[in-house]
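Taking it in order: structure first as structure tokens, then the write-up.
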Amino acid sequence: MANFSQETQRSLDKQPRDPVGIVQDVAQRIAQSVGQVIIGKRNEVRLTVLGLLSQGHILIEDIPGVGKTMLAKALARSIGCTFSRIQFTPDMLPSDVTGVSLFNQKTREFEFRAGPIMAQIVLADEINRATPKTQAALLEAMEERQVTVDGVTYPMDTPFLILATQNPIEYEGTFPLPEAQLDRFILRIQLGYPNPNEELTVLSAQQYQHPINNLTQVVSVQQLLAAQQAVREIYVADEIKRYIIDLVNASRQHPDVYLGSSPRGSLSLFRTAQARAALAGRDYVIPDDVKALAEVTLAHRIIVGPAARIKGISSRTIVQDILMNTPVPGASTQ
């Protein structure tokens, strides 16, 4: 990890102290840094930064080779946090993730050897190639931000973020993530293929070396924590809160849904809407913030019914249907 330069620190010290200004400054720095590596995916990079500022874990799902791992590594390099990478495989054990207690012959005591999960930014690469037992080792860390080994609890450092990548479940050698784990990701994004012009830019940029080698830290831990706290100060009116709840309740009552979104989905939509409002320069949330983030925060929490799945109906189309049929606060009902 590159050292945080004094010049960058002095520049950050001069940033505005209002909540919106703090969030915008930090988000812009990170997005510009990551954008040097992830070409042509401004919206996806923006969503990743939103998830980071909302203090949530992010699931990046797509086919191999479109830049999922590079997105996670570029984000980690842009932040002054400890970083570790876990390459999930079918033969991995839970202790390979959380760590293990070993008996020290000299001290005659057990000592905890921390696993790769004990870092501030954790890249869980190809998470769905591990068995469900190993995947479950992440549950406590993701929700309670701690791990328990042999009855002893070890808290995680702050901030703590898991960036997980997974291949589509149709690929061989993958295990579907359990619903309890999917629900712990604040949002799920997809990168998709670049267009021909973007792909040409990628080829030119990587002719001699990968652009990620030139990335340096652009945000300190203190500045990131300040931005995360500033997001929580964004005002959300009761009408907007009710709109979020109406959307989530609609996902539970939709005829094509077997299992709807949990209350954690409501909180995820609430928190990311605050971050989106701040990035847009507002200190208050509007319905458009909620509508723009409903799919990425709720779709992965919805289990489509068997009959609807046969018809080719996906959770994303269900969310779009819910958005079309749920009244927006302040809109006319006529």
Quick check: pseudo-label points 7 Å beyond the Cα along Cα→Cβ at Leu102 and Ala136, how many nm apart are they? 2.7
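Quick check: residue separation of Ser314 and Glu143 times 0.36 nm, minus the Cα distance between them. What number comes out in nm?
Working: separation 171, 0.36 × 171 = 61.56 nm, distance 2.67 nm.
Residue separation times 0.36 nm, minus the Cα-Cα distance, leaves 58.9 nm.
Going by average Cβ neighbours within 10 Å, how do the peptides 271-283, 146-158, 62-74, 237-249 rank, with the highest at the top?
Numbers: 271-283: 22.6, 146-158: 13.2, 62-74: 18.9, 237-249: 17.2.
My ranking of the peptides, most packed first, is 271-283, 62-74, 237-249, 146-158.
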In nm, to one decimal, how far is the modelled label at Leu203 from the one at Thr158, with both set 7 Å along Cα→Cβ? 4.9
Residues with amide H under 5 Å from that of Val257, placed H, sequence gap 5 or more: Gly305
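Taking only C-alpha pairs under 8 Å that are 6+ residues apart, what is the relative contact order of the range 244-322 in percent? Present the calculation step by step, with values, prior to reporting the outcome.
Working: 96 pairs, mean separation 28.6, N = 79.
Worked out over the range 244-322, it gives 36 percent.
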Full-extension gain between Ile63 and Glu109, please, as 0.36 nm times their residue separation minus the C-alpha to C-alpha distance. 11.9 nm
Which far-off residues, 5 or more places away or on another chain, put their amide H under 5 Å from the one on Val219, with H placed in the peptide plane? Gly80
Between the range 106-167 and the range 77-98, what is the C-alpha centre distance in whole Å? 8
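Take every DSSP beta bridge whose two residues both sit in the chain, then give the antiparallel share in percent to the nearest 5. Could the numbers behind the result be given before it?
Working: 12 of 31 bridges.
In the chain, DSSP labels about 40 percent of beta bridges as antiparallel.
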Once you have a ≥ b ≥ c as the square roots of the Cα gyration tensor eigenvalues for the range 6-233, tell me rounded if a/c is under 1.5, and otherwise prolate or oblate according to whether a/b is larger than b/c. oblate
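How large is the Kirkwood hydrodynamic radius of the range 57-113, in angstrom, based on all distinct alpha carbon pairs? Walk me through the intermediate numbers first.
Working: mean 1/r = 0.0682 Å⁻¹.
One over the average 1/r among Cα pairs gives 14.7 Å for the range 57-113.
Go ahead and estimate [θ] at 222 nm for the chain from helices alone: -39,500 (n - 2.57) per DSSP H run with n ≥ 4, summed, over the residue count, rounded to 500. Numbers along the way, then the final one.
Working: 15 runs with 147 residues, N = 334.
Roughly -13000 deg cm²/dmol at 222 nm, from the helical runs in the chain.
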Scalar couplings 3J(HN,Hα) for the range 54-63 by Karplus 6.51 cos²θ - 1.76 cosθ + 1.60 (θ = phi - 60°), nearest whole Hz, x for Gly and Pro, are 8, 6, x, 8, 10, 10, 10, 10, 5, 6
For the range 152-162, what does the Karplus curve 6.51 cos²θ - 1.76 cosθ + 1.60, with θ = phi - 60°, yield as ³J(HN,Hα) per residue in whole Hz, taken in order and with x for Gly and Pro? 10, 9, 10, x, 7, 6, 10, x, 10, 9, 9
³J(HN,Hα) computed for each position of the range 284-289 - Karplus, 6.51 cos²θ - 1.76 cosθ + 1.60, integer Hz, glycine/proline x: 8, 8, 10, x, 4, 5
Taking the alpha-carbon centroid of each part, what is the distance from the range 240-300 to the range 214-235 in angstrom? 23
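Quick one: Phe103, Phe160, fewest Cβ neighbours within 10 Å first, how do they rank? Please report the intermediate quantities before stating the final value.
Values: Phe103 9, Phe160 20.
Exposure proxy ranking, most exposed first: Phe103, Phe160.
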Simple Cβ-charge dipole of the chain, Lys/Arg +1 and Asp/Glu -1, about Cα centre, in debye nearest 20: 280
With labels modelled as points extended 7 Å from the Cα through the Cβ direction, what inter-label distance (nm, one decimal) is found for Gln36 paired with Asp246? 4.5
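For Ser204, Ser101, what's the fewest-to-most ordering of other Cβ within 10 Å of each Cβ? Display every interim value, and only then the final one.
Working: Ser204 10, Ser101 15.
By the 10 Å Cβ count, ascending, the order reads Ser204, Ser101.
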Which order do the peptides 311-317, 41-47, 294-300, 123-129 come out in when sorted by mean C-beta neighbours inside 10 angstrom, highest first? 294-300, 123-129, 41-47, 311-317
In terms of the alpha carbon gyration tensor, root eigenvalues a ≥ b ≥ c, rounded if a/c is under 1.5 and otherwise prolate when a/b exceeds b/c or oblate, the range 210-321 is oblate
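Quick note: the coordinates plus some simple rules give every number you see, no bench work behind them. If you're wondering where the values come from, they're calculated on a predicted model, not measured in any experiment. Virtual Cβ from ideal backbone geometry, glycine too; neighbours counted across all protein chains shown.
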